[in-house]
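The values are calculated or read from the model by the stated rules, or taken from the named source; none is laboratory data. Please read these numbers as outputs of a predicted model, since none were measured by experiment. For neighbour counting, all protein chains shown are included, and Cβ atoms are generated from backbone atoms with ideal geometry for every residue, glycine included. With ligands, DNA and RNA removed, areas are computed over all heavy atoms of the protein, side chains included. Shrake-Rupley method; radii C 1.70, N 1.55, O 1.52, S 1.80 Å.
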Amino acid sequence: MKKFTLVSSLVPLLLAAGLFFVSPNVTFAAAKTSTGNCNWSSSSCWTPSGVPAAADTVTIANGHNVTVNTNTANLASLTINSGGTLTTGSNSVSATTIAVGGTIVRGGTGSITGALTFNSGSIFRLTQSAGTVPTAIWNVNSTVIIANWASSGDTPSGLTGQTFGNFQLGQFSSGGSNTGDLLPSGGTMTVAGNFIVDTGGTNSRPIALTSGSVAATLNIGGNLSFSSGVFKIVDSSAAGTISVTGNFGMSTGTFEMKSSTAAANALLNVGGNFSHTGGTITELSSTGTTNIVFNGAGTQTYTSGGTLANTINFTVNSGSTLQMGTGASPSVISNGTAGTFILSSGSTLGITSTSGITSSGATGNIQSTGVRTFSTGANYAYNGTSAQVTGNGLPSSVNNLTVNNSAGLTLTSSATVNGALGLTSGLITTGANTLTVVAAGSITGGSSSSYVSGKLARGYSAIGSKTFPIGKGGNYRPLTLNYTALTGASTVTVEQNEGALVGVLPTGVSLFGARTWNVTQTGGSAFTYNITLDGTGFSPSNTAKAVILKKDGSILSFPATFSSPNYTKTGLTSMSDFALGEDTGAPTGGSITYTNGFFTSLSVALSYLTGTDDGSGLNLSTGKIQRSTASLSAGGVCASFSPFTDL
């Protein structure tokens, strides 16, 4: 005879319908909830009273710890609420579905059977050495804790083939000095959340990603952090790779990327920030390479303070930005490592050391004693908090160059920018050097708080206008040069100085203060250009009297268009030194020739600015030159003349 199970919630409905009957072969599925800290087999552990039976739905409530001291029946569902704990040993747990919001402590060989889900905030703690992590759906905010590693060979099973939330190694209830192997058969372990190394403490044991002969990979979607102990990547002949999407954080412990017995490559990829404020990062084998690669899509900040030892190579991948930390002692990749440093083409380095970057020696942000490679195709951002120099590590040609330091940046040597020159904050002082932006390059920013103090060169491949954000002595004096005709390619070099134009000024012209621009060019020919100079602080008494002074051997004066604060002269065909001034002379018509009052030359040209016209006029009917007076208004327009008198 078959035996049936009836869900107890249906009984009232069946009674009301007159369909209920009692048979000794019918049992009722119950909903059971824990009553406190107790054993599963105790009737008083449950409400309603009684040990959960087959098809029951069981809940372990917040604050309760239920120990499985007997095999459970095959439950319909088992729910462990947040704050609740299920502790297992040699006995088994079975349910169609198991939902964990609290904690499962697994301390023995008893199986856990069912569709298992670990929700956000839940914990699976494995206290059995060489125990099994069950196959489950792991929320990214759930955590697996390996809490026992009694013998070096006691690797937990179940670490591959599924994706964990957070994963923590240690601390251990028992340990030892020999290295445990996380993935002895190789393969890939995936952690969507954080990976925590806490293998130190009273019962410490060093753990390696792999001590076997098959390559192993650990992919971490969150952060890799060290709380205590020793963790290795490679401990034998197989290569090991750890890829961290988030941050790397180490303030204590030892990260032994290759052990003394390692004979393969060890690789750490980091996509987030790299904080090494304490502890040691090292490698102990000369076989294979040890590499730390920065491959993040955003800015990755490097914070130092811990110890780097032996040969560890650092690489910043194309598209990644490594920002060295700031502060009174800017972060460094120290000379404790004999490895190389590679800044790849297309990558960016944020530089904070007052010494910038150097090709060798224990100065600058990069101090590793291996070969330092700073690509000409990389980007360099000087963004410290104290005055900086570029350092002799900056290539003579770079992609982008940025200054974002209010204390300023000084060129150690001349530099060419093929991409963008970014003037965000602070001055770039060139000294005897020249900062060049090629024709295809650009300049962003430029203001009274960020400009080039010294020689700035810009390339032209065709006609067009470009601005030179330059100045000197705390004064921002930009210049704009617009080629309206040009043969060939031209490089224009400009430097502004707070000194007076030296030489004899034209008669009737005054010089505005100590401000000059030196403009030269190479490469171009048959050119014509317009120039605009910043005249901040200098305004002519009349716009029609504004002049640009140009020194070509002697000083020449050219009427300029004035639109505050700028002075513009068009149609120039040679480069030289420039200054600003004003025409201060009285109007004059030059000289004419006449006999007995008659005009004898063929023509006369008279031009005036402002003042009084008191000496010109030709009576066309008589041919006699006459005099009259009239005031000239702004722009040289005559007011009413007095009656003419013959000369």
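Heavy-atom accessible area for T584, with the other protein chains in place and a 1.4 Å probe, reaches approximately 80 Å². What you get for the stretch 413-539, charging only the Cβ of Lys and Arg (+1) and of Asp and Glu (-1), is a dipole of about 60 debye around the Cα centre.
Which of rounded, prolate, oblate describes the chain, given a ≥ b ≥ c as roots of the alpha-carbon gyration tensor eigenvalues and a/c under 1.5 marking rounded, otherwise prolate only if a/b is larger than b/c? It comes out prolate by the Cα gyration axes.
Look at the dipole of the chain built from charges on Cβ: of N269, N379, N219, the Cα furthest out on the positive end belongs to N219. Take every DSSP beta bridge whose two residues both sit in the chain; close to 30 percent of them are antiparallel. Going by a ≥ b ≥ c, the root eigenvalues of the Cα gyration tensor, does the stretch 375-527 fall in the rounded group (a/c under 1.5), the prolate group (a/b larger than b/c) or the oblate group? Oblate, because a/c is 1.5 or more while a/b does not exceed b/c. Over the heavy atoms of I233, what accessible area does a 1.4 Å probe trace out, to the nearest 10 Å²? Number for this one is 0 Å².
Report D for the stretch 333-411 in µm² per second (integer): Stokes-Einstein, Kirkwood Rh on Cα pairs, 10 °C, 1.306 mPa s. After rounding, the answer is 128 µm²/s.
Residue order by solvent-accessible surface for M250, M575 is M575, M250, largest first, with ligands and nucleic acids left out and a 1.4 Å probe. Element breakdown for the stretch 195-343 at a 1.4 angstrom probe: carbon and sulfur atoms account for 46% of the accessible area. About its Cα centre, the chain has a charge dipole of approximately 580 debye under the convention of +1 per Lys or Arg Cβ and -1 per Asp or Glu Cβ, with nothing else charged. Amide hydrogen proximity for L116: with H placed 1.01 Å from N in the peptide plane, the residues at 5 or more positions away or on another chain lying under 5 Å are I98, I137. Placing unit charges on each Cβ (+1 for Lys and Arg, -1 for Asp and Glu) gives the chain a dipole about its Cα centre, and among F195, N65, I548 the Cα reaching farthest toward its positive end belongs to N65. Label separation (T487 vs S90): 10.2 nm, computed from points 7 Å beyond Cα along the C-beta direction. If you take the square roots of the eigenvalues of the alpha-carbon gyration tensor of the stretch 243-331 and sort them as a ≥ b ≥ c, do you get rounded (a/c under 1.5), prolate (a/b over b/c) or oblate? Oblate.
Segment S396..T373, full-extension length gain: 7.0 nm, with 0.36 nm per residue of separation and the alpha-carbon distance subtracted. Solvent-accessible surface (1.4 Å probe) assigned to D552 amounts to roughly 60 Å². Excluding the site residues themselves, the longest part of the chain lacking any trypsin sites (Lys or Arg not before Pro) in a DSSP loop with at most 16 other Cβ atoms within 10 Å is 4-647. In the chain, taking the dipole from charged Cβ atoms about the Cα centre, the farthest positive-side position among G121, T252, S42 is held by S42.
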